[in-house]
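A quick write-up on the structure given underneath.
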Amino acid sequence: MKWALHRLVGISWRMCAVAMLGVWSTAASPLVDYQRVLYLTPPPTFNEADGLVQCRDGTLLGTLHSRANYGGVLFRVGPDGSGYTALYLSATNRPSGVIEGSDGRLYGTIGGDPAASLSGVFSVAADGGNFILLRTSSSPSDRISQFGVVQDDEGWLFGTTSGDGFQNGGTVFKLATDGTGFRALHEFRGLAAEDGLIPGALTVGRDGWLYGCTFFGGSPSNVGTIFRLRTDGSGYAVLHRFGGGRNGRYPSADQPLLEGSDGFLYGAADGGINSAGVIFKLNKSGNDYQVIHEFEGENGTGESPIGGLVEWCDGALYGATHEGGIDGAGMLFRINKDGSAFAALHTYIDAPNPEATEGTPRTRLVPANDGRLYGLTSGGVVAEGTVFRITPLPSLRIRTGPEAIVVSWPDCSGRFELEESNQLGLSDGWTRVDAVGEVIESVRRVTLPRNADRRFFRLNSR
């Protein structure tokens, strides 16, 4: 007998499984508890979400910008929605790609009206004070890209420029946190060149290399590349040139690639069936490129993936689309790293609808230290966007033997309690299992004596 999933009456979704002798039971599809944490009400024109990160103290940093006048806001908020504080607010300059540095200060990129051509890298104290421009450019030919910066283990900052370098193809640069030591590590050679045109956001791999995508270039197709280089600028290599069609084109370079726990790189691109977008993977040597999912753009399946995938403790990938879904306003999804078990987790309502209070997802999700995933939406009827969180409810895996039952599930932060019953019911008859078990490689295993032929188990989100 296989186990079954049930939606139980209450605040959150829960899971039930039937344990039978000698049978492994696993979940057919994931469930999530979706919660709106905060309606964002900055100045009315700041209605486009840029990004969200978590600091070491658990608070969230987010950025919004204006579609109308290039202004923006950097804010801090607690994971429960409390303590909203605008750390930086400008009517003409847009902060983006903010990180918390190893020294506790905040670093990011800033830009404004392209006609004014001001762009730069900034630093600001954790409370919003002592704002410093570390590097500025007032020329469109060496404009610092608005995809933020990353930091390596030695404390150096890395970012990209557009319209700079050889034939204005853009560059990858490094910079010290005090603004010194600026250096272009690689100059891209332009549209018709093999190495690409206009680099986007960067990722520091566990091997210490920098990885990223270009929006264009990569002869002969000229629809984008995936590249890597060392932090001293050596070893530059093109790992993949997109070919277009169902193999993908124009990668979502504004979001960083994800290095999964399996060592592969994951990202999203345009193309695929119906040109609705794809999810791809490849290893860090550039071999074994695979499209693991094609969005269909119809029947509620999602369209235009945002990129910037994240991995949760269950080993699966989580992401968002800003189009498609049931009402065309985007959705959140989950997929295994081999492309199996794709599932829509939450769909959004189109903004003109009077019930559209959530907006549309525009940024990657953020795995937080409380075991949840957080994100930002843009727009909506009652606000300029929202901060939201989802709690994926992990799959129970159950094995029974002659004398014992082993129940296991991915455990991000101990947020779930195991309950049992001798009959399947909606509310009565469930009791908490006192045994806490052990956690090995992010999987909690609880061993129980077998004292009945039939027992039901479920996880309850605290």
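Only one entry of G190, G159 meets the criterion of being of a type outside the set (D, E) and modelled with pLDDT of 90 or more, and that entry is G159.
Taken as a whole, the range 227-238 holds at least one residue that is buried (at least 23 other Cβ atoms within 10 Å of the Cβ) and within 22 Å of the chain's Cα centre (by Cα). Of the residues making up the range 406-419, not a single one is in a strand (DSSP E or B) and basic (K, R).
Taking the condition within 23 Å of the chain's Cα centre (by Cα) and either small (G, A, S) or over 22 Å from G319 (Cα atoms) (or both), does G224 pass? Criteria met by G224. The residues on offer are G243, G248, and the sole one that is more than 20 Å from Y107 (Cβ to Cβ) and crowded, with 24+ Cβ neighbours inside 10 Å is G248. Of the residues making up the range 406-458, those that are within 15 Å of S395 (Cβ to Cβ) and at pLDDT 85 or above are V406, V407, S408, W409, P410, L418, V443, R444, R445, V446, F457, R458. The residues of the range 347-400 that are at pLDDT 85 or above, under 16 Å from L332 (Cα atoms), among the hydrophobic types (A, V, I, L, M, F, W, C) and part of a loop (DSSP other than H, G, I, E, B) amount to a single one, L365. Each residue in the range 66-100 was checked for being of a type in the set (D, E, K, R) and over 11 Å from F46 (Cβ atoms), and 3 of them qualify. Considering (1) at pLDDT 90 or above; (2) surrounded by 23 or more Cβ atoms within 10 Å (Cβ to Cβ); (3) small (G, A, S), the lone condition that A341 does not fulfil carries the number (2). Select from the range 208-219 the residues that are assigned to a loop (DSSP other than H, G, I, E, B) and either surrounded by 22 or more Cβ atoms within 10 Å (Cβ to Cβ) or free of Cβ contacts under 8 Å to residues at least 12 places away in the same chain (or both) and list them in ascending order. Residue satisfying the conditions is G218 alone.
Sub-6 Å Cβ pairs linking a first residue in the range 138-151 that is over 22 Å from H65 (Cβ atoms) to a second residue that is among the small types (G, A, S) and at pLDDT below 65, at least 6 apart or interchain, number zero.
The values are calculated or read from the model by the stated rules, or taken from the named source; none is laboratory data. These figures come from a predicted structure and were not determined experimentally. Virtual Cβ from ideal backbone geometry, glycine too; neighbours counted across all protein chains shown.
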